[in-house]
Structure formats: structure tokens, C-alpha cells
Amino acid sequence: GRPLEDPCFDQMLFISTDEGSSFQRQPVSFTVDTLLFHPSEEDKLLAYSKEAKVSDESVGQHRLMQSRYLYVTCLIQNCSDKMVTAQFLGKIDHNSLSVQDEYIFVKVTTGNRTKYYVSYRRNEFVQMRFPKYALPKDVQIVSTDENQVFLALQEWYQTDTYNLYQSDPQGVYYSIMLENVRSTKQPEENVVIDILEVRGIKGVFLANQKIDGKVMTLITYNKGRDWEPLAPPTTDMNGKPVSCKQPDCHLHLHLRWADNPYVSGTVHTKDSAPGLIMGAGNLGSQLVEYKEEMYITSDCGKTWRQVFEEEHHILYLDHGGVIVAIKDTSIPLKILKFSTDEGRTWSIHNFTSTSVFVDGLLSEPGDETLVMTVFGHISYRSDWELVKVDFRQSFPRQCTEADYDSWKLTDLQGEKCIMGQERMYRRRKESSFCIKGKSYTSALTAKPCQCTEKDFACDYGFERAPSLRLEGDRCYPDFWHDPDAPPEICHLGHSYKSSTGYRKVITNVCEGGLNKEQRAKQHSCPLLPPRGLQLGIKGQMLAVAPGDDITFIVHQEQGDTTSTRYQVDLMDGVRAIYENLTVTDEPIQHRYEKPGVYRVNVKAENSAGHDQATLYIQVTAPLQDVHLEVVPIAGRNQEVNLTAIVLPTEANLTVFYWWIGDNLQPKLSLENSLITRFSEEGEVPVTVQASNGRSMVQDSKIIIVYDHFQVIPLSFSRNLDRFNPNIPEWRQDVGQVVTKILAKLTGVPQDSFVTMVKPGLPTTADLYVLPQESTPVKRSTLTHSCISPKYVSESLNNYSITASPSSIITKTELMYFKGPITSDVSASTTETGASLYLLLLEVSSLLFKGVLLCFHFFNFTQSPLQKEIFYLTEITFQKLQRTTRLDYNAYFSGICDITKIDEWGETWLSCTREGNECYHYVRDTLAFPRQTNLEWLQSSGFKSHSN
């Protein structure tokens, strides 16, 4: 099925079990990049995702998933973080999960050390044991068939080579097979290792070994126990003798995979054509990169023949009965070559009348097919051209048993017993011109041999010493290995065998004869102390919510488990003791009710020693939201406080990620605030992400940075505090209301004001007055703008603020602004003494609300005598029995000019200070005598120096 997008799921898989007549929908919760069917079990498939999730699922049954760099399993119908099972305790490296045949591999890097783990037949993971001081930098799996892992390992001292290792059946213990195999780094960090498994005959591999800069091709017939260079052909393609003689000259092959999946690599083999190997290379003392002559062998590498002088793409048809070759070139072609006698003779066929650029070769399904397709393009702008080539009409009949003879597999030394048996294969006679067909089988007979020394390889911890060749094939223990030491898991009362240094090559079927394993000594298992104690959680969720069910798993890598006592302390008053832990993993169920950090400890102890493991569990509710509290305006190079308000407020263990400007590297903090500075003017985006292990939330704001601006601290009436829920939305709405009203009352453009209401109580705010482009920022003339109380009153009567669905604040002593206008229009908040008062009073049938607003901007190039401080007292006008009286007098200092405000009938003073200190006041002649006002001024603490 092809994954398709679905509005309800990330991907939808359509599965058909009746050859496409009907389909069932199967949602998958991740994006599928590659979908592969299991090689032998038709109801299983493997899905790869770049989202770090991998699924190996029986359709509708099971699912293996790598998520958050963990390896877990779960039922596909019930797959969630709570339902997964931790098959491997701890985190694994990204993209390190590999599933091959019976084995699953993962990699774990801590510090500068890397460990590799394997699961055999989906059982528990066990650390892979390489030679102690191999210290692998990289591991590449070569082969996993025949119940054995064949891999390439780059040791700490290697740069462009790898060593080949072979495992026991479980894939745990590894012994070295060949050193210094050449490797090449490809784009996207892919590594190509010059090792090739020859298909058709098990146990045969080709490898390119690089020593002192020289590359030589070697072949093994017994899965790496013995390696030999390839014998050169005796003649060239024209039948002339070659000058290449052993031991100074050999055949060397390029062991590269093709970048194009529709053409063969430099070496071509096939399961249905055993013994047939065709490859590109050269004769000489070493492999030469630019030489790609074509050679072929039909007896699995014992003898070779040259067939072409240049590299060709190869395709085997009819079990190798027809070999098709097309030249590997960048120019268009219209001919191909084919051979029906295993490359001894070649014919030419014009497959098209118009030359085409060949893009690939395809054969119809089935090894017996004689139909192929050449596809390519006539020009780089044209569509694909597909040309079908059918060889069936070239053969007059089907082959019979009389058309075959046999050949016996031998190595380069002529040894017939390979992998413990003599094997004979069937091949078509050169004189027979017939089709092998579907019923053809290549294997003829297999006869077991008696076991000899060549059937045994060195065991783990042993190797052949190159300096001791006179000792023959003897295996010596490495200095770090004790052959008599008990295995890591050895229970008291059981026994084990120490290694003799040899083990039979896997899949070797020799019988009788020499047995180099039988001299192994029997030992009783001693009581081993516990080692490698691990404590994990099912699902690996180290951060859980209060009340969540948690399953702890105790795992011990080494030592006796049946005679060990395990003490578990869950740190919330719950303790438990386990005796005779008979299985490797023992689950412990628990539930934490209160938030906090719990240090869970497990101690394993027996009479031989002890070990312990610790795990920190964070119990916290998921984060709901975060609000970024920042000043909307900031001064260049001035300190700015960024604050994140997290909900719920009781959330603990929160980590904050601060993304400032275009910087892709965030700043991290455990505090919910951060002090920073901005060096450039303009808009700066700021984002905060809050994470507590269970969830992550974020909020973003824009801060505008200026060189100069004004800040007016504002305070409010305490009555407003009763309606302040102290949430960002309310503060934002109130700030917008204040900004709109001030802009409307003053006539100043609204985008010149920004009001920021601060968190907490009492309610306060800052009013930012931004510089206008038309006015110099640091210099302004003295302006005086007074707005009538009647105009402001009418304006303020036209709005109300909704506090909640059931409560509307209207006309009630709503806002009281008080604050100094800054003296310097830079980012400073230094007071000059110029103040602004705004009082909104209750309005009723008996009360009239009035406000007088006066803005004073100063040119600071003037003399100090002109920097006057103005005070404007609160003014309340009451309308009683058609009588207007002035409760308080406006008080000014300085020599004043009288200004008449006709609509109120009141007298106001516009004052400056020159010379003598004096006090002046205004009185309403209709309401109060002059003396009353003087007494009020004096009682208020003012001195009178003149009349």
C-alpha cells in the first residue's frame, strides 16, 4: 500500500490481502519515508521515518517504535506513551536502530565511549563484546544470515580502514577475521566498505585490504577464517599470455555499489548462478582506480578470464544462462552484448535503431526469465524510452539432464572440503543451446567431511599472532582476557566451560575427526557480585503526572541474581526488599500522588559484593500555557528584563529556552526571567519556550528598540485593584484603553503611545511616549496644551470596561494616573518634577466630572531658570443649585500671565519663573473671597511672599 495523507492522521496505510480487490485502512501516527516488506514473512513490513520512529509490524498486530531516541514496543491498536514496553533501558543514539533478520542492533554513546547492543530473536538486549581495546568508532553490519553476524568495525586508531569481525550465534561475542579493509566516505556521511558477499555459495566473501597505501583484493571460502589473493588469468581477452605472475602480481577488483539502483555494481553475482562472478578491475601488484577491465569466473574465483577492456553493466538471465552486458558510458548506445556460455564468447545485438542514453537494465520477475528491458532517453529533454529485449526465441528448446555436467567447488589451493563438506554444482554444457527454465536447480550433491584444523576459528578473546606464524594456526589469548573466568551471568550451583581458544566456524557441517573444543575445562560457578545494575521505567517517561501508574524495571548485566538481595526505596515512604530475583527484569508498580522530585534507589547486595542504581523521577502536571512579560519599548544597550509566567503557577522543574532575535542558539535558564540588552535599534522578536519534561509551551513578543523615548510611570486608584485578576489579557486590554483615551484627549497620534500595565498589585503601569519622525528626538520647544474639563468629561463618559459577564465597571473612580514626565527623552526614568494627574470621579445627577490635562515638554538647552516645575492640583467641580465653586485652587510658582477660559468663567495662570521667588493663585470671585484661598494655601504648607 502507499501511505496517503489524511485529515485525521499523519499518514494512512492501505492494505490489501486479496491482490488489490479490496483495501483496509490502517492509520499510522508518523510520516512514512520508506516502506519495506519482510524478506520471508509476508504479513510483516518495516517502515522508516525521519521523525526518529521505526515500525516493524505484523499488519494490525505489533509495532516496534523508536521515539525520542528510545527503543520501545507496543501493540499497534494500543500504542501510546503509557502502553509501550522498554525493550532497552536507556536512551539510544539517533538513527542507530537497525533490524536485520534475527537481530536488532542499537548504539549508546556516553561521553566519548560508545557501546553496541544486540537483541537475538527479539529477546533482551545484550552488550556486544568486542576485543577490550578495540574502542570502536563505527560499526557497519555486513551480513546476518546463517545465524551469525559478520560486521566491519573501525577501531580507535583507524581512519580509512575497518576490521572484519565474526560473532557467535547470538551476535554477542566477536572475533577478528581480517584487518584493514578499505573504506570510503560518501556524501551525507555514508560509509562504503570494500567487502562483498558472493551470492550463490555461502561463506564466500571478497574484500579489499589496504596496507601501507596499497589495496589488494582477497577472497575467503570459509567465512573469513582464511583469506587469499585472487589468481590472475593466464591470457588476456585476445588469448595472448599475460605477464602477471604470482606472488608479485594478482587480480584486483573494485568492490563498489552502483549509485543507480537499476544498474549492476562493479562486481555482479546472483543466488541462482552459483560460481558466476563478473567484475571490473585490473592486474598488478595493487588495485588501480582508473583501470576497470572486465573479468569473469565460473568456478567461484579459482580461475578468471578477461572479457572486456572497459566497464560494463551486467544482467544475468535464465540462472546465468544468458549474460547481458552494456557499456558503462555517458554517450548514447544502440547495441548490447550477450553470452550464452558463461562469458567465453560474446554476440552483439542492436536493441534499437536510434541511439539512447542508457539509464538502467531491468529483467522480468523470476530467475528463469529471458525477457529484459533497457530504459533510457534519446536526449536530456525527452521522455524515457523503454526497449524490450526477448531472448526466448533464440533458444530452440528446454534443457534436459543430458545438457548438464557438474563442477566441484574448491578453494585456490584445490581444497575440496569447504565449510565441512564437498559440494558439487550443475552447469550447462558449452555445446548445449537450451533454456534452463523454472525447474532448474544448481546444487547437485553435498558430502560431509571429517573435521580438521581449518574448520575452527579463534574464539572470543583469542587471535592468531602474525609474529608467530611458525606456530601454524594456533590461537593465543589476548593479554586482557582470562580464559578461565566465569561468564557474566553465572548462577551459584551451575557450571561453565572455559574456552580452549577455538570455536567451530558457524554453519560448518564437518563430522568427526579433530575437535578443538573438547578439551574445554568444566568449572563450578562461583558467587559473583552484582554488576551493571540498572533501573528504568516502562515507557521511559522520567517525568510523570501525579497519579500516573509507573512500572519500574530492575536490570542486572552481570553477577548472580538468585542469591542477591535487592532493596528498593521509592522516596515517598515506600520501601521494598526482593529476594531471589530469578529473572533479569523484575517490574515494580507504583504511583506518586504529590508533585516533586523523587530519588529512587535500588541496592543489590550479596556476600561477594554490591551495586546500586539511582533514578530521578519528576512528578509534575503538564504545562498549560506560558505568557512572556516584556517591556514593549527598550533602550539601546539598556538592561531589559524578560519574564515568563507559567500556568499552572505551581509547575515545578521548568526549563526555559529563550530565543532572541534571529539567533538560532537559545539561552537556557531554570529561572523564569532573563536580563538581556539590545545593541541595535529596530524590532527584535523574543520567544520563550517552557518545558518540564512532560510538555512544552511557548509565547512570543516583539520589542522595539529606540535610542531615545519617554517613560511616564503611572499609578491607579486602589479601587481598580478589586477588579484586577492579574492575568496578561486583562493588563493588555486596560493598557489599550488608556492608550486610546490619551491619544484622543491629547490629539497626539495613538502610535506614539504605548501603555504597559505591570503584573501584580497594586496596579501600576508605564506610559511610553515614542519619538515622532517629524520632531527632533532630543530637542523640542516649550509647548503647553490644555484640554478643557468639559471635553475630557464627555470623552470619558463614553466608555466602560467589562470585568466579567456579571460586572461592568462604569463611571466609578476608575483610573488615577500620577507620574513624572522624564527629563531626558532617552531611556532614563529620572524625574524632572513635571507631573501629570488624572482623576476620574463618580458621575451622578449631582456630580460633574472634570479633568485638566497639561503636557509640558522642555528644551534642555535652555537655562536652569527656565526649567520650571509645574504642579496642577486636583480639581473637582460640583454643580449645586446652579452655583459653581472652586474647591481647590490651582497653585503655581513663578511670574504668571493671565489666561481666560471663557466657557468656565475661571481664571488660569500660565507661569514662568524669572527673578524673585513668588506664589500666585487663582480664585473664583463668585464663590470665595481672596483670603479663603490664601488660608487654604498656607494650611497646605505653601508660603506667601506676595499678594
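List the chymotrypsin sites (Phe, Trp or Tyr not before Pro) within region 333-417 that fall in a DSSP loop (any state other than H, G, I, E or B) and whose Cβ has at most 12 other Cβ atoms within 10 Å.
Numbers: sites: Phe338, Trp346, Phe351, Phe357, Phe375, Tyr380, Trp384, Phe391, Tyr404, Trp407; in loops: Trp346, Phe351, Tyr380, Phe391.
Loop-located and lightly packed - Tyr380.
Residue pairs exceeding 21 angstrom between C-alpha atoms, taken from Lys210/Lys270; Lys454/Lys504; Lys202/Lys416: Lys210/Lys270. Report the normalised scattering of region 625-706 as log10 I(q)/I(0) at q = 0.16 Å⁻¹, calculated by the Debye formula with identical scatterers on the alpha carbons. The Debye formula, applied to the Cα set alone, gives -0.56. Taking only protein heavy atoms and a 1.4 Å probe, the accessible area of region 453-525 is 50% carbon and sulfur. Could you tally the net charge around Lys594, taking each other residue with its Cβ under 15 Å from the Cβ of Lys594, Lys/Arg +1 and Asp/Glu -1? In short, -2.
When region 404-448 is described by a simple charge dipole with +1 on each Lys and Arg Cβ and -1 on each Asp and Glu Cβ, the residue from Thr410, Gln421, Ser442 located farthest towards its positive end is Ser442.
Over region 124-229, what is the relative contact order in whole percent, taking alpha-carbon pairs under 8 Å and six or more residues apart?
Details: 211 pairs, mean separation 17.3, N = 106.
Relative CO of region 124-229 lands at 16 percent.
Each of Asp160 and Thr109 was given a label point 7 Å from its Cα along the Cα-to-Cβ line. The distance between the two points is 2.3 nm.
In nm, what is the difference between 0.36 nm times the number of residues separating Phe723 and Asp383 and their Cα-Cα distance? Numbers along the way, then the final one.
Values: separation 340, 0.36 × 340 = 122.40 nm, distance 7.33 nm.
Length gained, Phe723 through Asp383: 115.1 nm.
Computed from the Cβ-Cβ distance with R0 of 30 Å, the FRET efficiency linking Leu664 to Asp33 stands at 0.75.
In plain terms, the chain from His349 to Trp480 could stretch by 40.9 nm, reckoned as 0.36 nm per residue minus the Cα-Cα distance. The ellipsoid equivalent to the alpha-carbon distribution of region 453-525 has semi-axes of 24, 17, 9 angstrom, derived from the gyration tensor eigenvalues as √(5λ) and listed largest first. Annotation: amide H of Tyr174 within the under-5 Å range of Arg129, sequence separation 5 or more or interchain, hydrogens built in the peptide plane.
Out of region 437-534, which chymotrypsin sites (Phe, Trp or Tyr not before Pro) are coil in DSSP terms and have no more than 10 other C-beta atoms within 10 Å? Before the final figure, lay out each step's value.
Values: sites: Tyr440, Phe456, Tyr460, Phe462, Phe479, Trp480, Tyr496, Tyr502; in loops: Tyr440, Tyr460, Phe479, Trp480.
Here the sparse-neighbourhood loop sites are Phe479, Trp480.
Taking 7 Å steps out from each Cα toward its Cβ at Asn652 and Arg256 produces label points 6.1 nm apart.
How many Å² of accessible area per residue for region 404-448, probe 1.4 Å?
Numbers: 2380 Å² over 45 residues.
Spelled out: the 1.4 Å probe surface of region 404-448, per residue, equals 53 Å².
Computed about the Cα centre, the dipole magnitude for region 404-448 is approximately 260 debye when only Lys and Arg (+1) and Asp and Glu (-1) carry charge, each at its Cβ.
Let's test the formula: R0 of 51 Å, r as the Cβ-Cβ distance of Tyr133 and Leu745. What FRET efficiency results, to the nearest 0.05?
Values: r = 82 Å, r/R0 = 1.62.
FRET efficiency, Tyr133 to Leu745: 0.05.
Charged neighbours of Ile219, selected by a Cβ distance under 10 Å, balance to -2 (K, R count +1; D, E count -1). For the peptides 315-324, 268-277, 632-641, 515-524, residues were scored by their other Cβ atoms within 10 Å and the scores averaged per peptide; the highest-first order is 315-324, 268-277, 632-641, 515-524.
Of the cross-linked pairs Lys327/Lys388; Lys223/Lys408; Lys240/Lys447; Lys137/Lys497, those separated by over 28 Å at the C-alpha level are Lys240/Lys447; Lys137/Lys497.
Which parts of region 127-145 would a label at Asp271 reach, counting a residue when its backbone N lies under 16 Å from a point 7 Å out along Cα-to-Cβ? Backbone N within reach: 143-145. Per-residue extension of 0.36 nm, minus the Cα-Cα distance of Gln736 and Glu146, leaves a gain of 204.9 nm for this segment. For the modelled label position 7 Å from the Cα of Glu289 along Cα-to-Cβ, which residues of region 167-197 have backbone nitrogen atoms closer than 18 Å? Only 181-195 pass the distance filter.
Once the Cβ-Cβ distance between Thr507 and Asn601 is put in as r, and R0 is 51 Å, what FRET efficiency do you end up with, to the nearest 0.05? Walk me through the intermediate numbers first.
On the way: r = 47 Å, r/R0 = 0.92.
Efficiency computed from Cβ-Cβ geometry: 0.65.
The values are calculated or read from the model by the stated rules, or taken from the named source; none is laboratory data. Computed from a prediction, not measured in an experiment: that's the story for all the values here. Using ideal geometry, Cβ is built from the backbone for each residue, glycine included, and neighbour counts are taken over all protein chains shown. Heads up: the accessible areas ignore ligands, DNA and RNA and are worked out on the full protein's heavy atoms, side chains in. Shrake-Rupley method; radii C 1.70, N 1.55, O 1.52, S 1.80 Å.
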